[in-house]
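Peer 1: So that we are looking at the same thing, I have put the structure below in structure tokens.
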Amino acid sequence: MNLTKNLKLAVVALAASCLTLAASAQDNTLLGAGSTFVDPLFSKMFSQYTASKVNYQSIGSGAGIAQLTAKTVDFGDSDVPLNDDQTAKMGAAVLHIPMTSGAVVVTYNIPGVSASLNLTGKDIADIYLGKVTKWNSPEITATNKGVSLPDLPIVVIHRSDGSGTSFIFTDFLTKVNPDWSSKIGKGAAVNWPAGLGGKGSAGVAGLVKQTPGAIGYVELAYAIQNKMPYASIQNKSGKFIVPTIQATTLASNVTIPADTKVSITNTDNAAGYPIASFTWALIYKEQNYGGRSKARATELLKLLWWNIHQGQADCEALNYAPLSKSAVKTAEAVLKSATFDGKAIL
């Protein structure tokens, strides 16, 4: 009986999704879903874009990928490229178009401490592994001379949902701490060995703010908007780098492959911030599917083309790094490869 009930609910949900997409087609609203990391920027971009309306749901990269897989949105957005399993489930080629790059910051709530801390990647990983448990531990005091750190337990806060922010964070930890790499690894969702989970960036931020001794991770734009302190992180060259637009841009100053899938965590750039990533809009290469019109596909590509050009003017004010000239050139080529009935749209 439960199986029958669940099946009915699934059918209703699918029907509702299809009706939503059909309705949006009629009122010229493009649908997107995914990354919370890029949501502040998308909100600004889409409020200024006048050629068509855009309804973007900030539900996390994993959920956005699921929506694109189900073909209930025009585009997804993810802070991590599709893996082999996700690509296979799509059933068709998917294009990755970089939208911007941004930083993930480590934030904390230490009563009586207002100074910006210096943290190494190794120590952050050991904190999240449950190996470093006090704020006045020798590992942390060694990189924060002159800061009076309390004998206070560290409360680890992480995302409870699958997220690109978690992927960026764990991708960095995997590169800088062998113990983390062998025991936990990288992923949008991992088996966290310690701590409390919060849903979305808002959930993580809320737990950090209300929990003395807490440590968590959120995107730079979110931390600044919510007036949360964040640490300088040691990069590959040994320098402690404050997360800024300039340092994030330097981190992304790398050779970008034709498919744009590249990791920029633990950058080789001596002045680059080490916990940074591109975020990608995801669309099907062949746009003639599910009864879509060529006009709708064209509107989608025009939107994304605007994002990588005029839309970049909104990046710095919202603490995102604008795409480099090389990234824009590569993104243009990817968009031009999209087709309708096998013919180029742009």
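Peer 1: Kindly provide the pair-distance distribution of the stretch 104-251 built from C-alpha pairs, with 10 Å bins from 0 and whole-percent values in order of increasing distance.
Peer 2: With a bin width of 10 Å, the distribution comes to 12, 46, 38, 5.
Peer 1: Express as a percent, rounded to the nearest 5, the fraction of DSSP beta bridges in the chain (both residues included) that run antiparallel.
Peer 2: Close to 60 percent.
Peer 1: Shifting gears a bit: How high is the FRET efficiency between S148 and A88 when r is their beta carbon distance and R₀ equals 51 Å, given to the nearest 0.05?
Peer 2: 0.45
Peer 1: Would you tally the net charge around A51, using a Cβ to Cβ cut-off of less than 11 Å, leaving A51 out, and scoring K and R as +1, D and E as -1?
Peer 2: +1
Peer 1: Dipole of the stretch 143-253, Cα-centred, from +1 at each Lys and Arg C-beta and -1 at each Asp and Glu C-beta, to the nearest 20 debye?
Peer 2: On the way: 10 positive and 5 negative charges, 30 e Å.
The calculated dipole for the stretch 143-253 is roughly 140 debye.
Peer 1: May I pose another question? Relative to the longest principal axis of the chain, what angle (0 to 90°, nearest 10) does the C-alpha long axis of helix 39-48 take?
Peer 2: 40 degrees
Peer 1: Also, quick follow-up: Helix 164-176 sits at what angle to the longest principal axis of the chain, using alpha carbons and giving 0 to 90 degrees rounded to 10?
Peer 2: Value to nearest ten degrees: 50.
Peer 1: For Cα pairs less than 8 Å apart in space and 6+ apart in sequence, what is the mean separation divided by the residue count of the chain, i.e. the relative contact order in percent?
Peer 2: It rounds to 23 percent for the chain.
Peer 1: What order do you get for 318-324, 146-152 when each peptide is scored by the mean count of other beta carbon atoms within 10 Å, highest first?
Peer 2: Values: 318-324: 22.6, 146-152: 12.7.
Going from most to least packed, we get 318-324, 146-152.
Peer 1: Report the semi-axes of the equivalent ellipsoid for the stretch 180-252 in whole Å, largest first, where each axis is √(5λ) for an eigenvalue λ of the Cα gyration tensor.
Peer 2: 22, 19, 12
Readers should treat all values here as calculations from the given coordinates under stated rules, not as data from a laboratory. Everything numeric in this text was worked out from a predicted model, so none of it was measured. When we count neighbours, we look across all protein chains shown, and the Cβ atoms used for this are built from the backbone with ideal geometry, even at glycine.
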